[in-house]
Amino acid sequence: MNNKLNVLVLGSGGREHAIIEACSRSPRLNRLYAIPGNPGIATKAACCKLNPEDAEAIASFCKQNDIDLVIVGPEAPLAAGVADVIRSYGIAVFGPSKAGAMLEASKEFSKKFMARNHLPTAEFFICRTVDEANEALANFTPPYIVKASGLAAGKGVYVEPTLAGAQNAVHQLLVEKKLGPAGETLVIEEALPGRELSLMVITDTKNFRLLSTSQDHKRLKDGDEGPNTGGMGAYAPAPWVSEELMSRALSEVIEPSVSALRNEGIDYRGVLYVGLMIAPDGTPKILEYNVRLGDPETEVLLPLFEGDWVDLCWHVAQGNLASFDWKKETQCSLCVVCASENYPTGKSVPATITGLEAANAVEGVTVFHCGTSIQDGEIIASGGRVLCVSAVAPTLDQAKTRAYEAVSKISFVGMQYRLDIGHQVFDA
């Protein structure tokens, strides 16, 4: 059972850096590779500049390097069917099939999956023309929710306080083609009141286990103001999640979702990320599915994970989750994202980063690289979300103190970050 494994991680962001870090702690790890990786990942893994969506090139790399296990980080390679191709070569993969990845790659597919399996979600309409969209919007009251059906890297959801704003979002997507093919089909749905909760479900389609509860912060600015982003920070666990709420989420959403995958014959070996809205009366409804770990949730969840991550991924890839020895998390974690100057609306000028060593030296802190590169031996902020500063501590309060102490040591031109990560807990 303790045979060592050569592991390849696909991806280049903060999530993949956190996965690499977790893999590096595994007693089962032999050699560790990443495609394409980033400067932070390169300190722990051998990086190769292949395209992570080129399944045949990845499979060839696996054969040449005796890879035993592939862990797929982002959604795009999964949607491209990379897991299916690699499995066809007899290599174990942690990541769902192309059919399973449709739950994220197509919001239309996802909502119809929920509807036919009687899973609780918002009322919705599928629209392909402006007329259909305007008809759908007439069924709802503000705020209006307009979503691009295809993959849009977290940029395809519009929450509009006015009908004119919603109609403008429709025009941007269907007429101006702002997101290209990803926005050719829209999901227009009712706004659900309540509190968001992210659940990361590890499943082999037969059984499932949950990572710690977590909550991310989507808006750019303090007080949940400003534009939506891919996530500006997160914390785990979410102390406001009661046993009763978790019991309802399991019985009304998670168990039926895994059963539906099984009943529809979808090969799903990996993470099912379930984004929930918890109504004021405690009723959980599904906002969306993602088919991989969340980012930045991964950067708080994996530092808390007390088991062997490589061994877990191996068990799931083999369809044998039931026999994995699961350990309950005992610590807390909080992370703060440092983003570039014009994120998320525009490109930013590359900038030299200082203070990384000092930040990593703070007790309990790991700085994960999200959007960095190397130039002339220096680490450069190359745009978007640049770094994710994650801290582990016995309490959330201590984790927050450590994370912000580390952030204060980092500097690059235009760096922006939120000062109120965890406010749902600390302001309560």
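Annotation: the residues HIS118, HIS423, HIS171, HIS217, sorted from fewest to most other C-beta atoms within 10 Å of their own C-beta, follow the order HIS118, HIS171, HIS423, HIS217. Taking the centroid of alpha carbons for each part, the range 207-250 and the range 354-428 are 19 Å apart. Taking the helices alone, the chain has a mean residue ellipticity at 222 nm of -8000 deg cm²/dmol, built from -39,500 (n - 2.57) per DSSP H run of at least 4 residues and averaged over all its residues. The slack between ALA153 and LYS328, meaning 0.36 nm per residue of separation minus the straight C-alpha distance, is 59.9 nm. Summing charges over neighbours of LYS177, with a neighbour being any other residue whose Cβ is under 15 Å away from its Cβ, gives +1 when K and R count +1 and D and E count -1. For the listed peptides 76-87, 182-193, a ranking on the average number of other beta carbons within 10 Å per residue, highest first, reads 76-87, 182-193. Sorted ascending by nearby beta carbons within 10 Å, beginning with the fewest, GLU288, GLU56, GLU299 become GLU56, GLU288, GLU299.
Cα-Cα over 23 Å: which of LYS221/LYS409; LYS221/LYS400; LYS112/LYS147; LYS107/LYS347; LYS111/LYS327; LYS155/LYS177? Violating the 23 Å Cα-Cα cut-off are LYS107/LYS347; LYS111/LYS327.
Among the GluC sites (Glu not before Pro) in the range 106-147, those located in a DSSP loop and surrounded by at most 15 other Cβ atoms within 10 Å of their own Cβ are GLU123. The residues packed around ASP204, meaning those with a beta-carbon under 12 Å from its beta-carbon, carry a net charge of +3 if Lys and Arg are +1 and Asp and Glu are -1.
Compared with the direct C-alpha span, the chain from SER408 to ARG31 gains 132.3 nm at full extension, assuming 0.36 nm per residue. Shape of the range 124-189 from its Cα gyration tensor (a ≥ b ≥ c, root eigenvalues): rounded if a/c is under 1.5, otherwise prolate when a/b > b/c, or oblate? Note, shape of the range 124-189 comes out prolate. In this structure the amide hydrogen of THR121, modeled in the peptide plane, comes within under 5 Å of the amide hydrogens of ILE286, none closer than 5 places in sequence on its chain. Summarising the amide proton neighbourhood of LEU387: residues at separation of 5 or more, or on other chains, whose placed amide H is nearer than 5 Å comprise CYS338, CYS370, GLY371. Shown for SER88, SER257, SER60, SER106: other C-beta atoms within 10 Å of each C-beta, ranked fewest to most, produce the order SER88, SER60, SER106, SER257.
Neighbours of LYS400 by Cβ distance under 13 Å: Lys/Arg scored +1, Asp/Glu scored -1, total -2.
All of the numbers you see were taken from the coordinates with simple rules; none came from a lab. Model, not experiment: these values are computed from the prediction. Here Cβ is always computed from backbone atoms with ideal geometry, including for glycine, and neighbour counts include all displayed protein chains.
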